[in-house]
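Asks: Sharing a structure with you now.
The values are calculated or read from the model by the stated rules, or taken from the named source; none is laboratory data. Not measured: the values here are computed from a predicted model. Note: ideal-geometry Cβ built from the backbone for every residue, glycine included; neighbour counts use all protein chains shown. For accessibility, only protein heavy atoms count, side chains too; no ligands or nucleic acids. Shrake-Rupley method; radii C 1.70, N 1.55, O 1.52, S 1.80 Å.
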Amino acid sequence: MGAVVGTLTLQTRQRRPSRDKLYDDLELSVVCHRPEGLEQLEAQTNFSKKELKVLYRGFKNECPSGVVNEETFKQIYSQFFPHGDASTYAHYLFNSFDSSQNGSIKFEDFVTALSILLRGTTTEKLQWTFNLYDINRDGYINKEEMTDIVKAIYDMMGRFTYPALKTDTFKQHVDAFFQKMDKNRDGVVTLDEFILSCQEVYSTCSCSKWHTMHTIFVVCI
Amino acid sequence: MAAGVATWLPFARAAAVGWLPLAKKIMPKPPVDKKSRNDEILFVNVSGIRFQTWKNTLDRYPDTLLGSSEKEFFYNEDTQEYFFDRDPEMFRHILNFYRTGKLHYPRQECIQAFDEELAFYGIVPDIIGDCCMEEYRDRKKENQERLAEDTEAENATDTPLPPHSTSRERLWRAFENPHTSTMALVFYYVTGFFIAVSVIANVVETVPCRPLKGSKKDLPCGEKYTLAFFCMDTACVLIFTFEYLMRLFAAPSRCKFMRSVMSVIDVVAIMPYYIGLVMPENEDVSGAFVTLRVFRVFRIFKFSRHSQGLRILGYTLKSCASELGFLLFSLTMAIIIFATVMFYAEKGTKGTNFTSIPASFWYTIVTMTTLGYGDMVPNTIAGKIFGSICSLSGVLVIALPVPVIVSNFSRIYHQNQRADKMRAQQKVRLARIRLAKKGTTNAFLHYKEDGGFQDRDSDNALCLKNRSAFEHQHHHLLHCLEKTTNHEFTDELTFSEMCMTESVGYRTSRSTSISSQQGVSTSCCPRRGKRRAIRLANSTVSVSRGSIQELDTLQVHKTSAGPQRCLTLKGATRLLTIGGPPLCLSQEHC
């Protein structure tokens, strides 16, 4: 009879979740984070109390536990860019948001970054962008970091583009970028070079796209 | 400290007056309560239902949303109340927790909805009272098992193949899921047919056929039509060998495959034939060989690949292994006990069948399973008494584990039904998801085609569809990405057409990323003359000229009451394209 039992257990999957594991999951399920008080946040950022409330309500609805982890972030981004693969860019973005580098974004990080991006000075915004590009936070942007970022952005475009993407498209993009930014031709871009180059280009450019863009974003909430 | 104890604290402090006469040292000064505000009633408005409670009640649990300063984020100054856009029915239970200190789980609510509410209000499920904890845990376990199964069903091999799979992977998939391709299905039915033929041949060859001419004895058909049966056997074994070798070749992990039950059955099914071929016509050895032919009956187990029900049965038996083990153990114990007793009871009788204890085993088993062949019966009175006790206890011992096995089988069977239904719905669901994804892409492309980037006053813009604020912003975001990379989104059709034109050798500009858009479009388009390509070219030309205008025309309205959820994260995402403009520097027309 034992042989019968043995032979009849064919192509069956090991499916039984053990009871202990379930209890463990139940215990450590809720990792809750509460943000600092409203007054403190108002003092630290450039938002009013009303705006903070609106932001927090949306944030809390999406993440009741109070923190966003990288997986959720990548999923959100892949919904906004369904054509291509947004996970690499989302990863770099997540790291630049996550000020404490612990793998989760709290409401304070979220609001601080938004405050810089919406209401900060041009220098602050450029500094934030520099931090985004500087993946290893060493104060310099070198070619490899730039190539990674640009490749991540091109990945979001997906395959079906017009004109079609060539293999060296983003390399040329990186080279052109370095040509404009790297003043002393030492192979890396420092924060000062970056801010200087951006400001002079934008001041001479008649489009002044930068300013137009952020005026529009102000009313986006 | 629990709220109940806190209420008694002033009493205990007042009663400390009784220590004054005995005190050795001077009593310390009482702490000054700076914030001695009177307790106030708070108003909490949950989706229109107004709740009122003392502030102290909520402050009892300072590590939850309502007890901490986090609720200030939800304070509405105009109406002087806290507004939550959540389920008021659930909120009743949450508020009761603050009042009584015990969280109860409402049985009619969905476990996931309840969990979400708890997560929102920052309450850990551990504090559910003992009265409701068991129910909560059971429902949660059930739900998690169901979710785990659903994800397994999703990841099941019914998903479409990855585009670059070797022939080996495809072969393996064809074997595991016969309904994926026609060839696999044909092979599946052919093997099934041959298994049936082989089993029937095995059975029929032992049936007595009419004897040969000139002989009285009945021969089994196997010996009369030796050649026919041998040919049939050979054909079946060839098919089975071929199938086994193909599976072995296609298996992703050959060692694991060879250890699996099904492959062992396959081997056992075909080995007797080969051994019979190899063995010489020796009298002694062929006796052992005949025994080996018994293993041919294991071919019937190959049907398990074809039958879902057989697999379920096997899985049930496996999951009830402990119950079956208990049954076996208790039966063995009872058999030994009763066999010994019967043996010694019948020992004195002349010509008794109960010659030894092992001989009594047969009697005990037949009696306990209520078969009662009657080939061995007790003759003494004591033997009959013990015999009747034996049969009564047999009924009990067997009847006990059976309901457990039955309920297990029923549960697994229903789960399987659900898994099959899920798989059927899976295809529909995937198709819908893909359609939705395409919808967003197509919406953006249609928007561009309809000349959305042109001046508002032109006629074309009048036929623009009414888009939601979310769509506006999403399209703006995609447009920003296009400008950053200096490439445009197209759909698959246009892309493949362009690939064809390029391969035919038409001149397109070499470095597409730096040269201007106009050059590319004019060289790409003339040959095709397709409306779509030209329209795209036109829109890009106008885009490069009117970059400010297009940004101005995409007015984003201030939506304070709008879908905040999407807009919050949406707004954040759009801001993050600010990382884009510095990259645009390298593009000339930016």
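Asks: At what distance in angstrom do the alpha carbon centres of segment B:293-356 and segment B:164-198 lie from each other?
Replies: 36
Asks: Report, ordered by chain and residue number, the lysines lying within cross-link reach of A:LYS171, taken as a straight Cα distance under 21 Å and ignoring same-chain residues fewer than 8 apart.
Replies: Cα-Cα hits under 21 Å: A:LYS143, A:LYS151, A:LYS180, A:LYS183, B:LYS483.
Asks: So how much accessible area does B:ILE312 have, in Å² to the nearest 10, using a 1.4 Å probe?
Replies: Solvent-accessible area, nearest 10 Å²: 10 Å².
Asks: Which of the trypsin sites (Lys or Arg not before Pro) across segment B:284-378 are loop residues per DSSP, with 12 or fewer other Cβ within 10 Å?
Replies: Hits after loop and neighbour filter: B:LYS347, B:LYS350.
Asks: Which chymotrypsin sites (Phe, Trp or Tyr not before Pro) in segment B:294-398 pass both tests, a DSSP loop state and at most 11 other beta-carbon atoms within 10 Å?
Replies: Answer by residue number: B:TYR373.
Asks: List the lysines whose Cα sits under 25 Å from the Cα of B:LYS216, skipping any in the same chain fewer than 8 residues away.
Replies: Within reach: B:LYS224.
Asks: Here is a follow-up. List the trypsin sites (Lys or Arg not before Pro) within segment A:76-145 that fall in a DSSP loop (any state other than H, G, I, E or B) and whose Cβ has at most 14 other Cβ atoms within 10 Å.
Replies: Taking segment A:76-145 and a limit of 14 other Cβ atoms within 10 Å, the loop trypsin sites (Lys or Arg not before Pro) found are A:ARG137.
Asks: Using a 1.4 Å probe on the protein heavy atoms, what percent of the accessible area of segment B:1-128 belongs to carbon and sulfur?
Replies: 58
Asks: Cross-link partners among lysines for B:LYS347, C-alpha distance below 25 Å, same-chain residues fewer than 8 apart left out?
Replies: Those lysines meeting the cut-off are B:LYS384.
Asks: Then there's this: Computed on protein heavy atoms with a 1.4 Å probe, what is the summed buried accessible area for the chain pair B and A, in Å² to the nearest 100?
Replies: Working: alone 39700 and 15190 Å², together 45230 Å².
Its buried surface, counting both partners, is about 9700 Å².
Asks: Using the heavy atoms of the protein chains and a 1.4 angstrom probe, tell me the accessible area per residue for segment B:3-118 in square angstrom.
Replies: 68
Asks: Leaving ligands, DNA and RNA out of it, work out the accessible area of B:ILE265 with a 1.4 Å probe and give it in Å² to the nearest 10.
Replies: 10
Asks: Picking from B:VAL278, B:THR349, B:ALA339, whose Cα lies most toward the positive end of the charge dipole for segment B:254-352 (charges on Cβ: Lys, Arg +1; Asp, Glu -1)?
Replies: The residue sitting farthest along the positive end of the dipole is B:VAL278.
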